[in-house]
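These notes are about the structure you will find just below.
The values are calculated or read from the model by the stated rules, or taken from the named source; none is laboratory data. Note that the structure is a prediction, hence the values are computed from the model and not measured. Backbone-built Cβ (ideal geometry, glycine too); neighbour counts: all protein chains shown. Areas reflect the complete protein model, heavy atoms only, side chains present, ligands, DNA and RNA absent. Shrake-Rupley method; radii C 1.70, N 1.55, O 1.52, S 1.80 Å.
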Amino acid sequence: MIGIIFGPPGSGKGTQASLIEREFHVTHLSTGEILRSEAKRGTAIGREATRVMTMGDLVPDPLIIRIVQNRLRRPDVRSGLLLDGFPRTVEQAEALDSILTKTGRQIDFVIALDVPENLLVERLLKRAGEQGRTDDTRKAIAERMHEYKTLTAAVLDHYRRRGVRVEEIDGVGAPETVFERIREAIGREN
Ligand code: AMP
């Protein structure tokens, strides 16, 4: 099973991905987490990513595609995979399609979390207080919303056009409530 969890910043992708990982025994792969861990370790990729992330911009497609390509070679993704935060551009989606096709795999579903923008900003500012992420400032949040609307939203159309199942899930409510909706949607697909 290969799934993608998709949605704007603050829609609860990370939280839901952890719950899906536990329930469906898939490997959760978050590109944001990979970049934050590179940043913490002070690697060259990490230093470049920190600069870009702090401004709320996206890291360049070739860099993130290379990271995902390498990660997908590891054996732990064979039993199942949930991508979180990737792909974020149509170029990334096309690169992923070609990586998967070459190894005879395909995307089974996309879970798209739907949350109104005013609630997203409220959640991100709350997270800033709790986790201190450098990109949860008002300015970076505005930029990330802009990137999402101009680049990332088109990724959903890419999958719809290709006939991949896209499940739109109401992302408003307690994490467990939202997860119930996701569990039901994933179950429907099997
Ligand atoms: P996230 O944890 O998914 O919200 O990602 C945090 C930040 O990491 C984003 O705002 C981007 O700067 C960067 N990032 C994560 N995933 C990607 C991606 N697929 N493409 C480009 N930038 C990314």
Residue 6 passes all but one of the listed conditions (1) over 25 Å from residue 121 (Cα atoms); (2) more than 10 Å from the ligand (Cβ to nearest atom); (3) of a type in the set (A, V, I, L, M, F, W, C); the exception is number (1)
Of the residues in the range 28-56 that are under 15 Å from the mean Cα position of the chain (by Cα) and not small (Gly, Ala, Ser), the one that is farthest from residue 148 (Cα to Cα) is 28
Screening 120, 63 for residues that are surrounded by fewer than 16 Cβ atoms within 10 Å (Cβ to Cβ) and out of contact with any Ser or Thr (no Cβ under 6 Å at 6 or more places or on another chain) leaves only 63
Checked against (1) open to solvent by less than 60 Å² (accessible area, probe 1.4 Å); (2) more than 11 Å from the ligand (Cβ to nearest atom); (3) under 17 Å from residue 83 (Cβ atoms), residue 132 satisfies every condition except (3)
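Of these, 123, 162, 127, which one is within 27 Å of residue 90 (Cβ to Cβ) and within 16 Å of the ligand (Cβ to nearest atom)? Reasoning before the result, please.
Working: 162 fails: within 16 Å of the ligand (Cβ to nearest atom); 127 fails: within 27 Å of residue 90 (Cβ to Cβ).
Only one candidate qualifies: 123.
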**Request:** Answer yes or no as to whether residue 51 is free of Cβ contacts under 8 Å to residues at least 60 places away in the same chain, over 27 Å from residue 180 (Cα atoms), open to solvent by 70 Å² or more (accessible area, probe 1.4 Å) and in a loop (DSSP other than H, G, I, E, B).
**Result:** no
For the range 95-120, pairs from a residue that is free of Cβ contacts under 8 Å to residues at least 40 places away in the same chain to a residue that is open to solvent by 50 Å² or more (accessible area, probe 1.4 Å), with Cβ under 8 Å and 6 or more apart or across chains, are 95/69; 99/69
Screening 113, 19, 35 for residues that are modelled with pLDDT of 95 or more and away from the ligand (no atom under 14 Å from the Cβ) leaves only 19
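For a quick check of your reading: which strands (runs of 3 or more DSSP E) sit entirely within the range 74-190 and have at least 2 residues that are of a type in the set (D, E, K, R)?
165-170
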### Query
Going by the structure shown, is residue 86 buried (at least 19 other Cβ atoms within 10 Å of the Cβ), touching a residue at least 40 places away in the same chain (Cβ under 8 Å), more than 24 Å from residue 145 (Cβ to Cβ) and in contact with a helix residue (DSSP H, G or I) (Cβ under 9 Å, 6 or more places away or on another chain)?
no
